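Presented below is the structure to which this report refers.
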Amino acid sequence: MKAHQTNFSQGSVQKNIMQVMLPMMVAQLLNLLYNIVDRMYIGQMKDVGTQALSGLGLCFPILMFVTAFANLVGSGGAPLCAMERGKGNRQEAERIMCNSFFLLLLLGAGLTIAGLIFHKPLLYLFGASDAIYPYARDYIMIYLCGSIFVMIALGMNPFINSQGFARVGMLTVLLGALANIALDPVFIFVLGWGVRGAAFATILSQFLSAVWVVGFLRGRNAELKLRREEFRLEARRVKKILSLGTAGFVMSCTNSVVQAACNSMLQTFGGDLYIGVMTVVNSIREIAQTPAQAMGDGASPVMSYNYGEGQCRKVKRGIWFMTLLTVIYLAAMWLILFLFPRLFISIFNRDPELVETAVPCLHLYFFGFFMMAFQIAGQSVFKSLGKARQAIFFSLFRKIIIVVPLTFILPHVAGLGVMGVFLAEPISNFIGGAACFITMCATILPELRIDNGRTL
């Protein structure tokens with residue numbers, strides 16, 4: 001079957017963004033199912049569901065760390081490929097992609113070894129108790145053994161999207177997600193493997209996605225191909241990949257740091273129950289935020305390509321179109337979550353105590369959720385146009401400079417306790433989102449001067 005490829009140089013930028021965005025949105029939602037489905041099934045396990053779910057929540061920082069390294073390479077190399085394609089430098093784009101693939105293999109192997117050695121002290125650092133540590137250990141030990149498949153699937157799929165094959169990128173994730181949905185109940189309940197079964201299902205599914213990605217990028221339909229003779233690291237290209245990808249890496253790493261900080265403070269002020277609540281709230285946030293993130297990611301290759309062409313008018317249109325869509329969507333999600341919190345919480349756990357405890361936490365955590373749109377839009381523009389320093393700074397600013405300190409400080413203020421942990425997120429959305437978007441408007445838009453569609 002001939003793969004459909006979107007030509008970013010033709011048609012309206014809005015149409016091109018939608019053609020990339022919609023399949024990418026489906027793909028990211030499906031990718032979310034890898035871990036979301038695990039939580040849904042684990043949370044429903046008889047007698048031990050709440051403890052097992054809390055144990056899985058302790059693994060989030062490590063899972064995010066693996067994702068961070070995949071983003072380091074994928075979000076760094078893919079925009080560079082798109083810009084080189086826009087300039088007509090196909091050979092350079094291909095070499096960037098091959099360097100990225102080899103780099104992912106090396107990083108994946110290193111993370112597996114380090115994780116297996118240090119998982120126990122890390123889990124206790126992240127808030128484990130003796131009651132929930134065994135569930136976290138059983139899941140993470142198996143997951144780490146398949147982390148190299150996760151790295152390839154997540155890190156190389158952006159290179160498919162950057163070539164305009166958004167539907168193929170969507171199928172990459174669809175294949176793994178469907179496999180995970182089918183295998184989870186078999187391994188967890190039929191075979192009785194519990195959390196170990198969830199981990200096995202996840203890595204087997206990621207293996208299928210990784211095979212699909214590599215098969216396509218070595219096949220005849222791909223414009224840029226993985227070539228064995230190019231599987232080597234070249235310092236100049238690796239430096240460019242890591243420089244631009246650091247923003248995506250920092251964003252994922254800061255998510256890991258924030259989750260570890262939250263779990264630690266929740267264990268201190270609330271115990272295992274509140275770690276379970278945060279696991280549920282984080283799961284809902286991922287569901288709600290993923291389409292918005294896909295809007296930014298879907299606009300990115302189009303803006304990168306048009307920027308490489310010098311089509312600044314199209315870049316500006318893309319910025320405003322993507323921002324408007326993201327704001328409208330997140331405002332609508334805020335309203336839905338405010339009105340129907342129990343519906344979303346019960347997807348993951350129906351324990352009456354957990355549900356009632358989670359409702360006020362969810363309302364507070366998602367207050368002003370639409371402000372996240374401005375963070376996503378600003379970050380997407382900085383990354384798409386190769387502005388690595390700005391992208392890195394605002395990744396650090398919202399999470400490390402605002403959220404982490406507030407997570408440790410607010411529980412001690414005015415008797416807030418655990419509610420102080422949940423309050424840190426909305427405060428960061430307002431401050432970080434506004435700062436990122438205003439800076440983008442003040443620095444990027446003046447640079448996009450137009451003269452018959454070319455940069456001055």
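The values are calculated or read from the model by the stated rules, or taken from the named source; none is laboratory data. Nothing here was measured: the structure is a model prediction, and the numbers come from that model. All Cβ positions, glycine included, derive from the backbone under ideal geometry; neighbour counts span all protein chains shown. Quick note on the areas: whole protein, heavy atoms, side chains included, nothing else; ligands and nucleic acids left out. Shrake-Rupley method; radii C 1.70, N 1.55, O 1.52, S 1.80 Å.
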Given a 1.4 Å probe, how much area per residue of the chain is accessible, in Å²? 38
Principal axis box of the stretch 316-359, alpha-carbon based, largest edge first, Å: 49, 16, 12
Just subtract the alpha-carbon distance of R342 and E447 from 0.36 nm times their residue separation and send over the number in nm, one decimal. 33.1 nm
Put a dot 7 Å past each Cα toward the Cβ at I401 and K239; how far apart are the dots in nm? 2.7
Taking Rh as the Kirkwood radius computed over alpha-carbon pairs of the chain and applying Stokes-Einstein at 10 °C with viscosity 1.306 mPa s, one gets a diffusion coefficient in µm² s⁻¹ of 72
Which log10 I(q)/I(0) values, to two decimals, does the stretch 29-134 give at q = 0.13, 0.24 Å⁻¹ under the Debye formula with one point per Cα? -0.66, -1.23
Of Y124, Y329, Y133, ordered by accessible area with the largest first and a 1.4 Å probe, the sequence is Y124, Y329, Y133
With a ≥ b ≥ c taken as the square roots of the eigenvalues of the C-alpha gyration tensor of the stretch 108-243, please select rounded if a/c is under 1.5 and otherwise prolate if a/b is larger than b/c or oblate if it is not? oblate
Of the chymotrypsin sites (Phe, Trp or Tyr not before Pro) in the stretch 262-324, those whose Cβ has at most 13 other Cβ within 10 Å and which sit in DSSP loop: none
Cα axis of helix 13-43 to longest principal axis of the chain: angle in degrees, 0 to 90, nearest 10? 20
Would you mind checking the pairs K15/K239; K120/K240; K87/K383; K15/K87; K87/K240 and listing those with alpha carbons more than 27 angstrom apart? K15/K239; K120/K240
Shape call for the stretch 245-305, from the Cα gyration tensor axes a ≥ b ≥ c (a/c under 1.5 means rounded, otherwise prolate when a/b beats b/c, else oblate), comes out oblate
Given the stretch 177-255 reduced to its alpha-carbon atoms as identical point scatterers, what log10 I(q)/I(0) does the Debye formula return at q = 0.17, 0.22 Å⁻¹? -0.92, -0.98
Looking at the chain, identify the longest residue range that excludes and avoids all trypsin sites (Lys or Arg not before Pro) in DSSP loops having at most 15 other Cβ atoms within 10 Å. 47-217
